[in-house]
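Just so it is clear, none of the values below were taken in a lab; they were calculated from the coordinates. Since this is a predicted model, take the numbers as computed values, not measurements. For neighbour counting, all protein chains shown are included, and Cβ atoms are generated from backbone atoms with ideal geometry for every residue, glycine included.
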Amino acid sequence: MNRLEVKHLKKYYTSQKAVDDISFTLAPGSIFGLLGPNGAGKTTLIRMITGILFPDEGEIIFDGQPFNPDKDVAYIGYMPEEKGLYKKMKIGDQAIYLAQLKGLSKSEALERVKHWFIKFEMQSWWNKKVEDLSKGMQQKLQFVTTVLNDPKLIILDEPFSGLDPVNSNLIKDEINNLAKQGSSIIFSTHRMEQVEEICDHIILVNKGQKILDGSVTAVKHQFKENIFSIGLEHNPENISTPAFEVINSKGHQLILKINEGYKPNDVLLYFLQQQAAINSFHEILPSLSDIFIKLVEGTPLTRQFQTTQNA
């Protein structure tokens, strides 16, 4: 059974279609990347999934039943990009209060808060106020308050904002642990390299519509363009062959695009016939960032790759 099913969801505002017929499913234990440029409809979509907004059309199924915000919101943890913390309130008291709002008893809340504060080395913060924390410290606190009640569905909007590399890895490891324990996670960010590291499935929305849906591996293979890297001890002079074109070079490494009708073996055969010593040869798959730009801006992947490599 899927943890979440979104079926033909639509939300209209006076001047635009914020969400226009979007469907997807989310399995238990899955880490799901929700991607799109600013204004694509991601926030509106998240607000409908969390019951903050009601859809104009479509259906949301949560754990096999029609989504009931009054009941199901207790099983959802939402960490918005904007801070949802009380600036003047002591951190320990605030974490306990927010845990109780999510249905935990005071004793359960105290036990969970202590557990997470020890885990994230936050014990010394207990009597500090939010306004006295750095942005990164606030981000750690917000993450903790999001997952205190062991939610079945966790929605994280730019969770690494303001974090240094050490704390980014801490949060990243915890996201993976929560998924292994069965929580389903929706991860919304503009940082494509983080999506590649963390997510197993993505959708890309633009102008309110879903334009891409699939596993990270499948999406990267879907958009590959027969681009390969070959490392040579010495570059042959005057490379001329219908099998491929050289689109970039750096030292003794050539970036090649194999032409239609030819295969990687044809590239290797050409260089062997030139008596070139081959040190390495591998296919280069496009990054999610490259694919994002191609679909949103219409820029060819090869051109992006040339620009990236020449930079």
Value of Rg to Rh for segment 221-310 (Rh from inverse mean 1/r over Cα pairs, i.e. Kirkwood) = 0.99
Pick out, in residue order, every one of the GluC sites (Glu not before Pro) in segment 113-176 that is DSSP loop and has at most 13 other C-beta atoms within 10 Å; say none if there are none.
-> Glu121
Formal net charge of residues neighbouring Phe244 (Cβ-Cβ distance under 13 Å; K, R +1; D, E -1) | -3
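Of all DSSP beta bridges located in segment 4-214, what percent are antiparallel, nearest 5?
Close to 55 percent.
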Alpha-carbon gyration tensor eigenvalues x 5, square-rooted, for the chain, Å | 45, 24, 16
Which of the listed residues, Leu256, Phe244, Ser287, is farthest toward the dipole's positive end in segment 221-310, when Lys, Arg count +1 and Asp, Glu count -1 at the beta-carbon?
-> Ser287
Quote the charge dipole size of the chain about the Cα centre in Debye, to the nearest 20; the model charges only the Cβ of Lys and Arg (+1) and of Asp and Glu (-1).
-> 940
Modelled FRET efficiency - R0 25 Å, Tyr86 with Glu111, Cβ distances, 0.05 increments = 0.70
Work from the charge dipole of segment 23-76 (Cβ charges, +1 for Lys and Arg, -1 for Asp and Glu, about the Cα centre) and give the residue of Ala40, Ile52, Thr25 farthest towards its positive end.
-> Ala40
